[in-house]
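Accompanying notes for the structure given below.
The values are calculated or read from the model by the stated rules, or taken from the named source; none is laboratory data. These numbers come from a predicted model, not from an experiment. Counting neighbours? That spans all protein chains shown, and the Cβs are built from the backbone with ideal geometry, glycine included.
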Amino acid sequence: MSQAKSQNSIAFVIGASSVGTLIEWYDFYIFGMLATIISKQFFPADAGTAALLSTLAIFAAGFIVRPFGALVFGRLGDLIGRKHTFLLTLVIMGGSTFAIGLVPGFATIGWAAPILVLILRLLQGLALGGEYGGAATYVAEHAPSGQRGFWTSWIQTTATLGLFLALGVIILIRSGQGVEKFSAEWGGWRYPFWISLLLVGISVLIRMRMSESPMFSKLKTEGKTSVNPLKESFGHKANFKMVLLALFGAVMGQGVVWYTGQFYAQSFIETVCKVEFIQSRDLMLWAILMATPCFVLFGWLSDKVGRKWIMLLGMFLAIITYRPIYKQFLFLTNAKNRIEKIDLTQTKVSEKKVIIDQKDNTKIYVVQHFDTAYTDGAVFKYTKTDTLHLSARFDPNTKADSLSSALILSQSLKPNVVIEKTMDKSSYWSLIWLVFVQIVYVTMVYGPIAAFLVEMFPTKIRYTSMSLPYHIGNGVFGGLVPFLGTLIVEFTKNDAHPNGDPLAGLWYPIGVASICLVIGIIYLTNKIDKDVMD
């Protein structure tokens, strides 16, 4: 009877902790999932790649401040308790996310738009910096001895399930609205941010029913809680050494594997391979859905064989297979590699359409669509846009083909071509498989990490000590993967190779994971700490 009660108790702890953590991840992820639209809404319309890079930089800024959130809220968690601290982080995260959905676009308030979004994104990062350490510590301190990896792995699933929820909500809203309405200044892309307020409200009600961690309560009753968690965590040589070992021997590599497998993969498929919006997110959903149970599998396995070698094996597999996987992404989506015949009955070329620039009516855009359909069901759409500068105001009734050459002062040397690919079923499932493999690596490095970190540090400074390396490893090293990966590719572009080397961005996660792998092999122990009440 007592065992059944214990199981029910830990199940509630897991459920209540996980719902809140999942919602915080959802809040944090929707920004990255909508980066291409956000870049167009909060930056000048003609900024191009610079706008995307700026948006990714704002996205990364939320990760970079996570260690500061770990310090602030970790200290609170070790002083006043786990429960109240991650209630506070949940409210800050939800409020910031909702507010991002209220910020007017660049066309309305100019540069104030990206500045406000940056401030709110920083608040998100601070809140998330305090959330994970609290939830992981809270669950681990409730978990029975010998089952810590299994129970904490449920918390690990929330990061991926939060991404799954974010993708699902975005796809559902966009499918109902269509591209133009969804992408408008006050279009459907804002709804996922607003929905956050409802989700946070539900989670707060659930978490209010939670009691404090029994280990922390015991310390508080005995008067043994830390007086200065920051000083004890980082001022004592032995503990600070463990903080550094956790960061450079485990979490740094785990962070880059995680963000490459889920964020960089999705960004690469959409922006480099040009797979269309819905399909690129659908395939991520399938891969995530299939791989998520592996978090619990590897968490459970870590209770049997130890945490170290499971995590390091995940890093090793990522290091040796990332480039082959991403080469296959490019191969599968390259029109030159297609052997199927073009379906002439479905292939279409539209008439040229003239669009007047809203700010300058002597500047026009001539747009034409080319849809190439293949017999296997794939459709590659090309939208070609020529920019023309005229000597006089443009008459809207004039057709593009009848424009007088005398009116044209200049024309863009190279037309802008936007490509959108809908893949055939075979290629689609091949892409899903390649993403699935990467997310399995994520589950290997991430599934056991909470139990691993909890067991490294004493109870009275655990929240602070484990939060900092976790959020530096994930927030800084991991969170910078999309931005630095894109930036590295930009540096490889030149006149001879205008598109650069699309695989160059992978050297960053491969390099970081390699360093972490070597340090982990030499210095980490595979021993499981049975008693964390110390």
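Of all residues in the stretch 290-316, those satisfying the criterion of being surrounded by fewer than 23 Cβ atoms within 10 Å (Cβ to Cβ) and outside any helix (DSSP H, G or I) are Thr292, Gly306. Do the conditions hold for Ala265, that is, is it within 20 Å of Arg462 (Cβ to Cβ), among the small types (Gly, Ala, Ser) and at pLDDT 65 or above? No: the conditions fail for Ala265. Among the residues of the stretch 317-362, count how many are of a type outside the set (S, T, N, Q) and surrounded by 17 or more Cβ atoms within 10 Å (Cβ to Cβ). Residues flagged as of a type outside the set (S, T, N, Q) and surrounded by 17 or more Cβ atoms within 10 Å (Cβ to Cβ) within the stretch 317-362 amount to 10. Among the residues making up the stretch 167-181, those that are part of a helix (DSSP H, G or I) and free of Cβ contacts under 8 Å to residues at least 40 places away in the same chain are Leu172, Ile173, Gly176, Gln177, Glu180, Lys181.
Taken across the stretch 418-434, residues that are closer than 24 Å to Val512 by Cβ and under 22 Å from the mean Cα position of the chain (by Cα) do occur, with at least one present.
Here Pro482, Pro509, Pro498, Pro502 are screened, and the one residue that is in contact (Cβ under 8 Å) with a residue 24 or more places away in the chain, not in a helix (DSSP H, G or I) and not polar (S, T, N, Q) is Pro502. Of all residues in the stretch 441-465, those being modelled with pLDDT under 85 and over 13 Å from Arg148 (Cβ atoms) number 8. With respect to Glu232, determine if the residue is at pLDDT below 85, farther than 29 Å from Val445 by Cβ and either buried (at least 21 other Cβ atoms within 10 Å of the Cβ) or not assigned by TED's automatic domain parsing to the domain that holds Val417 (or both). The answer is no for Glu232. The single residue among Pro104, Pro67 that is at pLDDT 75 or above and touching a His at 6+ places or on another chain (Cβ under 8 Å) turns out to be Pro67.
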